[in-house]
Structure formats: C-alpha cells, structure tokens
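The values are calculated or read from the model by the stated rules, or taken from the named source; none is laboratory data. Values in this document were obtained by computation on a predicted structure and should not be read as measured data. Cβ sites come from the backbone with ideal geometry, for glycine too, and all protein chains shown count toward neighbours.
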Amino acid sequence: MNTIHSEYALGGSKHEYARLIRQAEFLKPMTRRVFQDAGIRPGMRVLDVGSGVGDVCMLLSEMVGPTGNVIGLEQDAGAVKFAEERMCAGRFRNILFVLSEFSQYVPDAPPDAVVGRSVLLYQADPATALAKVANHLRPGGIVAFMEPWLMPPQGPDSPTKRIVSCIVETLRRSGVQIDLGPRLHKVFASAGLPHPNMRFEAVMDSQDESPLYELVADSFVSLLPKAIEYGIAAPGEFDAGSIPGQLRGAMNAVGYAAMLLPTVSAWCRTAQA
Ligand SMILES: C[S@@+](CC[C@H](N)C(=O)[O-])C[C@H]1O[C@@H](n2cnc3c(N)ncnc32)[C@H](O)[C@@H]1O
C-alpha cells in the first residue's frame with residue numbers, strides 16, 4: 001500500500017508546538033537573512049502564511065517595527081490560540097493571528113509582502129495556493145518562501161538510515177512534497193510570479209553533543225503515530241529515548257557535523273504598476 005494521505009502529518013499536539021518553537025530558534029538567523037535580502041523593511045505590512053505557533057510572525061514583528069504590522073494566517077485553531085498567548089506574553093503589539101486556510105483569506109488592505117516558512121510543501125497544489133495569496137499584494141510587493149528539501153537517506157542500511165527513511169516516507173505518504181524546495185522557482189513561475197532569487201542553506205552544529213539530534217528525534221516522535229498508521233513503522237519498533245544517541249553516534253562515526261533542515265529559499269518582487 002502506498003496511499004497518499006492529506007492532513008498535516010505532524011499534528012497539533014503540545015509536543016509538536018514545542019518542537020516548532022525549538023526548531024524556529026535554530027532557523028531564525030537564516031530566516032532573518034532571507035527576509036532582509038528579500039527587502040522586508042520597517043513600516044511594512046506582511047502576511048505570514050501557515051504561521052504555526054507564531055515564530056516567523058515574531059521575527060517579522062521585530063523587522064517591521066512599531067510602524068509596520070504582521071498578519072499570521074493559520075488553519076489550526078490550537079496553534080492560533082497558542083501563538084496569541086505567546087504574543088501577549090511577549091508584548092508584541094503589531095501582530096494579528098487569523099484562523100484561516102490561507103488561500104481563502106482576503107485582507108482589508110494590500111500587503112507589502114507575503115511570506116511563509118515550511119508551508120507550501122503541505123499544499124496539494126502549491127502554485128495555485130501561492131497565486132491566490134500573492135494576488136493580494138500591492139504592485140512591486142515581495143514574495144518570500146522557505147521550504148525544506150527532505151532528501152531520502154543514501155548509503156548502507158543502518159538504524160539511522162531507518163529513522164530518517166521513516167521520517168521522509170511518512171511525510172511523503174502524508175501528501176508532503178518532500179522535494180518542493182529545489183522546485184520553488186517552477187512554483188513561482190506557475191503562480192505567475194517573476195523568476196525568484198534562490199538560496200540553499202541548512203543549520204549545522206559542530207558540537208559532538210549537538211541539540212540538533214534531539215530535534216530530529218522530536219520530529220520523529222511527532223510523526224510516529226502516522227508512521228505506524230501507514231504501516232511504515234511497527235508499534236514498539238523504536239525506543240524514542242535512544243534515537244538522539246543513535247543519530248549522534250552515526251554522525252560522529254563518519255566525522256560529520258550535525259545538520260538540520262536543508263532549506264531552499266526563494267524570493268522576488270512583483271511587477272510595479
Ligand atoms: C511546519 S509548520 C510551520 C510553522 C511556521 N511557519 C514556522 O516555520 O515555524 C506548518 C504550518 O502551516 C499550517 N498550514 C498548512 N497548510 C495551511 C493552509 N493551507 N492554510 C493555513 N495554514 C496552513 C499548518 O497547520 C502548520 O501550523
């Protein structure tokens with residue numbers, strides 16, 4: 001059986017929200033660089049699609065400053081509630097979270113920029129979804145997206161290869177477009193957007209005891225119920241607590257640094273009126 005399913009595979013649990021926050025800390029410097037290079041500036045009005053628990057919105061809030069504002073669009077009510085609580089606790093005054101499937105949202109005023117991180121790969125038709133949301137932009141507006149490139153592992157069979165294969169295969173069977181990153185320019189073209197600038201980057205950590213191994217293990221734990229449901233993993237096959245150590249041992253054995261989320265970014269400006 002190789003059926004493709006369609007709901008958000010990582011789910012909406014407290015565990016998943018906490019994982020997104022920890023992951024976002026590592027992705028923050030690369031995300032800031034992409035938004036900076038794309039032209040996000042103080043005073044802008046920015047739509048963040050698939051805002052999750054709010055980390056991209058909070059970064060944008062700093063970048064656009066008190067004269068700008070950020071709207072986060074998210075379809076998971078639990079994530080929106082959690083993001084709002086974090087926003088109040090952090091005293092962010094220029095963010096509005098909206099519970100909405102992003103391609104259905106119609107803004108009150110044209111935004112200066114539409115951005116998203118790790119969201120287009122979850123869409124059944126990323127180009128159509130992107131075209132709908134980019135259509136709201138003012139002339140000369142910014143489009144900037146960052147999408148992971150989830151590569152199936154190579155090399156001989158090993159416990160590590162099995163773990164990474166389970167993650168990638170479970171996402172693929174959930175309808176996630178695992179190689180959307182390197183195809184982002186085609187998605188932009190199909191959405192009627194200009195050729196984007198593109199960048200490929202990953203977070204790497206040179207410490208042997210890198211916390212990135214725990215994060216990979218956390219993704220696996222979020223996905224495990226789906227992996228079992230799809231018959232990719234057997235109940236009781238994995239001991240979640242030992243996964244970070246296994247990953248750490250395998251990377252140290254070949255002398256590689258820890259790596260997280262190879263990510264492709266693409267950004268452009270729409271035509272001036
Ligand atoms: C991997 S999370 C990324 C969250 C956030 N962008 C970040 O990088 O921290 C993807 C989020 O996109 C949301 N999402 C996926 N498709 C969506 C859609 N069509 N409309 C609104 N939200 C969507 C999911 O519910 C999930 O919260």
(request) Kindly provide the set of residues from segment 39-51 that are without any contact (Cβ under 8 Å) to a residue 60 or more places away in the chain and under 24 Å from L10 (Cβ atoms), ordered by number. (result) S51
(request) Kindly list the number of the only condition in (1) under 23 Å from R183 (Cα atoms); (2) more than 10 Å from the ligand (Cβ to nearest atom) that fails for V115. (result) (2)
(request) Go through segment 137-148 and count every residue that is more than 14 Å from the ligand (Cβ to nearest atom) and either at pLDDT below 95 or not in a loop (DSSP other than H, G, I, E, B) (or both). (result) 2
(request) Show the residue pairs that are 6+ apart or on different chains and have beta-carbon atoms under 7 Å apart, the first residue being within segment 90-114 and under 10 Å from R45 (Cβ atoms), the second being assigned to a loop (DSSP other than H, G, I, E, B) and of a type in the set (G, A, S). (result) N94/G68; P111/G141; D112/G141; A113/G141
(message) Give all pairs with beta carbons closer than 8 Å in which a residue from segment 8-23 that is aliphatic (A, V, I, L, M) meets a residue that is within 10 Å of the ligand (Cβ to nearest atom) and modelled with pLDDT of 90 or more; count only pairs at least 6 apart in sequence or on separate chains.
(response) A9/V176; L20/G52; L20/V53; L20/D55; I21/V53; I21/D55
(request) Looking for whichever is part of a helix (DSSP H, G or I), in contact (Cβ under 8 Å) with a residue 24 or more places away in the chain and surrounded by 15 or more Cβ atoms within 10 Å (Cβ to Cβ) here; the options are F238, F220. Which one fits? (result) F220
(message) Any residue that is among the β-branched types (V, I, T) and in a helix (DSSP H, G or I) - is there at least one of those in segment 194-212?
(response) no
(request) Determine if segment 111-125 includes at least one residue that is assigned to a helix (DSSP H, G or I) and either surrounded by fewer than 22 Cβ atoms within 10 Å (Cβ to Cβ) or in contact with a helix residue (DSSP H, G or I) (Cβ under 7 Å, 6 or more places away or on another chain) (or both). (result) yes
(message) Please pick out the residue among R41, R19 that is charged (D, E, K, R), out of contact with any Pro (no Cβ under 7 Å at 6 or more places or on another chain) and either under 24 Å from W267 (Cβ atoms) or more than 15 Å from the ligand (Cβ to nearest atom) (or both).
(response) R41
(message) Quick check on A134: is it in contact (Cβ under 8 Å) with a residue 60 or more places away in the chain and either crowded, with 22+ Cβ neighbours inside 10 Å or more than 10 Å from the ligand (Cβ to nearest atom) (or both)?
(response) yes
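So which of P182, P244 is in a helix (DSSP H, G or I) and in contact with a strand residue (DSSP E or B) (Cβ under 6 Å, 6 or more places away or on another chain)? Please lay out each step first, then the result.
Numbers: P244 fails: in contact with a strand residue (DSSP E or B) (Cβ under 6 Å, 6 or more places away or on another chain).
Answer to the check: P182.
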(request) Using the structure shown, decide if F102 is of a type in the set (F, W, Y) and more than 10 Å from the ligand (Cβ to nearest atom). (result) no
